[in-house]
Amino acid sequence: SQTIHQWPATLVQPVGSPLSLECTVEGTSNPNLYWYRQAAGRGLQLLFYSVGIGQISSEVPQNLSASRPQDRQFILSSKKLLLSDSGFYLCAWSHGSGNTIYFGEGSWLTVV
Amino acid sequence: DQQVKQNSPSLSVQEGRISILNCDYTNSMFDYFLWYKKYPAEGPTFLISISSIKDKNEDGRFTVFLNKSAKHLSLHIVPSQPGDSAVYFCAASVNYGGSQGNLIFGKGTKLSVKP
């Protein structure tokens with residue numbers, strides 16, 4: 001069966017510091033990978049998605065970036081965090097031709 | 001512009017009764033709809049889905065109804081249980097010539113089922 005893991009689960013970072021959230025998927029190959037964010041009082045917002053290694057599409061302008069160095073690894077990064085980057089970040093995957101997205105456990109980021 | 005709308009931010013229901021969660025969409029190209037359930041501090045879990053060629057899909061206590069002419073779908077939970085208390089997200093996507101587009105989510109409805 002397929003599993004998805006992301007870490008760290010909780011992170012408190014000062015403004016201006018870098019960020020790295022990692023996500024891996026097991027039990028499948030060539031998945032589509034996603035990073036979502038749920039900010040306080042808002043719904044799920046798609047930040048990035050990837051259909052293959054090195055292929056990243058950004059949905060919203062921001063100071064975050066994503067990379068996919070391996071088929072089942074997806075990384076969310078920032079060089080300098082802003083207060084507005086605080087939120088709940090979710091990694092997700094789907095089959096290449098599938099409709100349903102499966103989410104990881106989520107990572108709470110608080111920028112102070 | 002929000003393409004998927006969940007106009008009720010919260011809903012409170014008595015245990016054993018029916019919970020009805022509503023979702024409206026504006027994009028007539030959407031052809032696949034899903035409901036996700038999310039507990040606090042956890043990732044959403046897939047609940048049930050429906051294709052635009054159907055108007056109803058049932059899975060145990062959960063039924064999703066789709067009204068394409070009204071661009072409206074709803075999730076019915078019968079009977080509601082305290083463990084159903086969570087935030088429910090509606091999502092939709094478009095099929096672009098065989099390739100499914102990204103999911104567009106609503107803002108969620110917080111369901112509270114009281115014992």
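Within the stretch A:70-112, the residues that satisfy the criterion of being crowded, with 19+ Cβ neighbours inside 10 Å, among the aliphatic types (A, V, I, L, M) and either touching a His at 6+ places or on another chain (Cβ under 6 Å) or not in a strand (DSSP E or B) (or both) are A:LEU81, A:ILE101.
The single residue among A:GLY106, A:GLY96, A:GLY87 that is small (Gly, Ala, Ser) and more than 15 Å from A:GLN6 (Cβ to Cβ) turns out to be A:GLY96. So if I check each of A:ILE4, A:ILE56, which one is within 14 Å of chain B (Cβ to nearest Cβ), farther than 23 Å from B:LYS107 by Cα, without any contact (Cβ under 8 Å) to a residue 24 or more places away in the chain and among the hydrophobic types (A, V, I, L, M, F, W, C)? Among A:ILE4, A:ILE56, only A:ILE56 is within 14 Å of chain B (Cβ to nearest Cβ), farther than 23 Å from B:LYS107 by Cα, without any contact (Cβ under 8 Å) to a residue 24 or more places away in the chain and among the hydrophobic types (A, V, I, L, M, F, W, C). Being surrounded by fewer than 13 Cβ atoms within 10 Å (Cβ to Cβ) and in contact (Cβ under 8 Å) with a residue 24 or more places away in the chain is true for just one of B:PRO82, B:PRO44. Which residue is that? B:PRO82 is the lone residue from the list that is surrounded by fewer than 13 Cβ atoms within 10 Å (Cβ to Cβ) and in contact (Cβ under 8 Å) with a residue 24 or more places away in the chain. The strands (runs of 3 or more DSSP E) found entirely in the stretch A:1-48 that carry 3 or more residues being closer than 30 Å to B:SER8 by Cα are A:32-38. Listed here are the strands (runs of 3 or more DSSP E) enclosed by the stretch B:37-115 that have at least 3 residues being in contact with a Phe, Trp or Tyr (Cβ under 7 Å, 6 or more places away or on another chain) and within 13 Å of another protein chain (Cβ to nearest Cβ): B:45-51, B:86-96.
Among the conditions (1) at pLDDT 90 or above; (2) loosely packed, with under 13 Cβ neighbours inside 10 Å; (3) not in a strand (DSSP E or B), the only one that B:ASN27 does not satisfy is (2). Condition (residue is surrounded by 13 or more Cβ atoms within 10 Å (Cβ to Cβ) and within 12 Å of chain A (Cβ to nearest Cβ)) applied to the stretch B:12-22: is it met by at least one residue? No, there is no match, as no residue in the stretch B:12-22 is surrounded by 13 or more Cβ atoms within 10 Å (Cβ to Cβ) and within 12 Å of chain A (Cβ to nearest Cβ).
The values are calculated or read from the model by the stated rules, or taken from the named source; none is laboratory data. Note that this is a predicted model, so its numbers are computed, not measured. Cβ: placed from backbone, ideal geometry, glycine included. Neighbour counts: every protein chain shown.
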